[in-house]
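Enquirer: The structure under discussion is supplied below as structure tokens; questions concerning it will follow.
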Amino acid sequence: MTKTIFNLFAGMMLAACIVCLCGVASASTSVSILPSVETVTPGEEFTLDIYVRPDTQIAGIQFDLISDCSLITIESVEEGDLFSSTGSPVMFNPGTIDSIDGTITDLNGILMMEGSTAEEGTFCTIKLIAAEDTGTCQLRIENIVVGDKNGNELDAVTYDALVSISDETENSDKNNDDDNDSTIIVKQNANKDSPVNEETTQVTEKETTLQSVQDIAKSIDTQEPVSVPEAESNTSSVSILAVAAIAFLALAYVLDRKRK
């Protein structure tokens with residue numbers, strides 16, 4: 001009986017390990033729009049990067065960039081350092097830009113001379129302009145094709161981005177400037193006959209401006225960076241299953257010895 005249970009459990013553990021190992025081997029190249037969340041003011045120019053994290057050697061990428069609204073206008077596309085940093089010749093095509101619909105079709109890049117790379121990097125940088133209206137707009141990558149130097153298509157996963165157009169930041173900065181100006185004017189009117197107080201007011205104005213700059217820098221530093229999505233790994237699952245298998249084998253051995 002103990003031997004039968006032992007063989008059954010050993011088979012189950014072997015099957016589970018094979019499944020986990022297959023999950024590790026099926027990792028995909030990730031293609032992301034960064035930053036994944038961007039907040040801009042109406043009419044502001046901004047850029048988004050197409051960032052690639054290969055899980056194997058790649059030699060070419062092709063995709064379309066689609067937006068779900070008319071709140072952004074695509075101005076241009078510039079090649080990044082993903083392929084150019086290899087030193088091999090690169091054929092880069094910025095695709096066909098439709099400024100009205102906010103799309104790019106057939107954007108692609110290929111390493112020539114059988115070149116390839118497994119290093120992550122920026123495939124291209126896209127320059128955009130926000131509309132004068134406020135709202136949110138989603139950008140997504142579609143029809144993605146990633147290939148190796150032999151022309152074989154590789155697995156790939158894409159990550160979209162969300163652009164928010166808001167004038168809250170601009171209004172907040174304007175209100176802060178108005179408050180600072182009001183404070184300075186009140187102090188100057190109250191002490192306009194005193195040379196010493198005029199000098200003090202100027203120092204206070206400088207300190208207020210410096211404090212505003214420090215507050216802005218502090219708020220920027222405390223923002224959490226957008227992390228680049230990574231392919232999930234099942235290595236820890238394999239380790240846990242292996243330890244469980246060993247423990248069960250030891251237990252089965254002890255029980256078998258006692259039975260004899």
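Enquirer: Out of curiosity, is Thr96 over 21 Å from the mean Cα position of the chain (by Cα) and farther than 16 Å from Ser32 by Cα?
Expert: Against the criterion (over 21 Å from the mean Cα position of the chain (by Cα) and farther than 16 Å from Ser32 by Cα), Thr96 qualifies.
Enquirer: How many residues does region 40-58 contain that are of a type outside the set (Ser, Thr, Tyr), over 17 Å from Glu120 (Cβ atoms) and assigned to a loop (DSSP other than H, G, I, E, B)?
Expert: The qualifying residues number 3.
Enquirer: Kindly evaluate Thr204 against the criterion of being modelled with pLDDT of 95 or more, of a type outside the set (Asp, Glu) and over 22 Å from Asp64 (Cβ atoms).
Expert: Working: modelled with pLDDT of 95 or more: no; of a type outside the set (Asp, Glu): yes; over 22 Å from Asp64 (Cβ atoms): yes.
The answer is no for Thr204.
Enquirer: Would a scan of region 94-107 turn up a residue that is closer than 23 Å to Gln57 by Cβ and not aliphatic (A, V, I, L, M)?
Expert: Initially, region 94-107 is screened for residues closer than 23 Å to Gln57 by Cβ, giving 107.
With not aliphatic (A, V, I, L, M) added as a condition, the list becomes none.
No, because not a single residue in region 94-107 is closer than 23 Å to Gln57 by Cβ and not aliphatic (A, V, I, L, M).
Enquirer: Inside region 121-170, can you point out the residues that are touching a strand residue (DSSP E or B) at 6+ places or on another chain (Cβ under 8 Å) and exposed (fewer than 14 other Cβ atoms within 10 Å of the Cβ)?
Expert: To start, the set of residues in region 121-170 that are touching a strand residue (DSSP E or B) at 6+ places or on another chain (Cβ under 8 Å) comprises 121-131, 133-149, 153-166, 169.
Matches in region 121-170: Asp133, Gln138, Glu142, Asn143, Val145, Glu153, Asp155, Thr169.
Enquirer: Just to be sure I understand, how many residues within region 68-92 are closer than 22 Å to Ser30 by Cα and either modelled with pLDDT of 95 or more or not assigned by TED's automatic domain parsing to the domain that holds Gly135 (or both)?
Expert: Residues that pass the stated criteria total 10.
Enquirer: Shifting gears a bit: Go over the candidates Ile61, Ile110, Ile100, Ile74 one by one and state the one that is of a type outside the set (S, T, N, Q) and assigned to a loop (DSSP other than H, G, I, E, B). Step through it out loud before you land on a result.
Expert: Working: Ile61 fails: assigned to a loop (DSSP other than H, G, I, E, B); Ile110 fails: assigned to a loop (DSSP other than H, G, I, E, B); Ile74 fails: assigned to a loop (DSSP other than H, G, I, E, B).
Exactly one of Ile61, Ile110, Ile100, Ile74 is of a type outside the set (S, T, N, Q) and assigned to a loop (DSSP other than H, G, I, E, B), namely Ile100.
Enquirer: Something else now. Taking the residues in region 22-39 that are surrounded by fewer than 20 Cβ atoms within 10 Å (Cβ to Cβ) and not hydroxyl-bearing (Ser, Thr, Tyr) as candidates, determine which candidate is farthest from Lys127 (Cα to Cα).
Expert: Cys22
Enquirer: Asp64 versus (1) in contact (Cβ under 8 Å) with a residue 60 or more places away in the chain; (2) farther than 22 Å from Asn152 by Cα: which is the lone unmet condition?
Expert: Going through the list (1) in contact (Cβ under 8 Å) with a residue 60 or more places away in the chain; (2) farther than 22 Å from Asn152 by Cα, Asp64 breaks only (2).
Table: residues versus (1) touching a Pro at 6+ places or on another chain (Cβ under 9 Å); (2) within 22 Å of Ala59 (Cβ to Cβ); (3) polar (S, T, N, Q).
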| site | (1), (2), (3) |
| --- | --- |
| Met112 | yes, yes, no |
| Gly115 | yes, yes, no |
| Ala118 | yes, yes, no |
| Phe123 | no, yes, no |
| Thr134 | yes, no, yes |
| Gln138 | no, no, yes |
| Ile141 | no, yes, no |
| Lys149 | no, yes, no |
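The values are calculated or read from the model by the stated rules, or taken from the named source; none is laboratory data. All of these numbers come straight from a predicted model, not from anything done at the bench. Ideal geometry is used to build each Cβ from the backbone, glycine not excepted, and the neighbour counts take in all protein chains shown.
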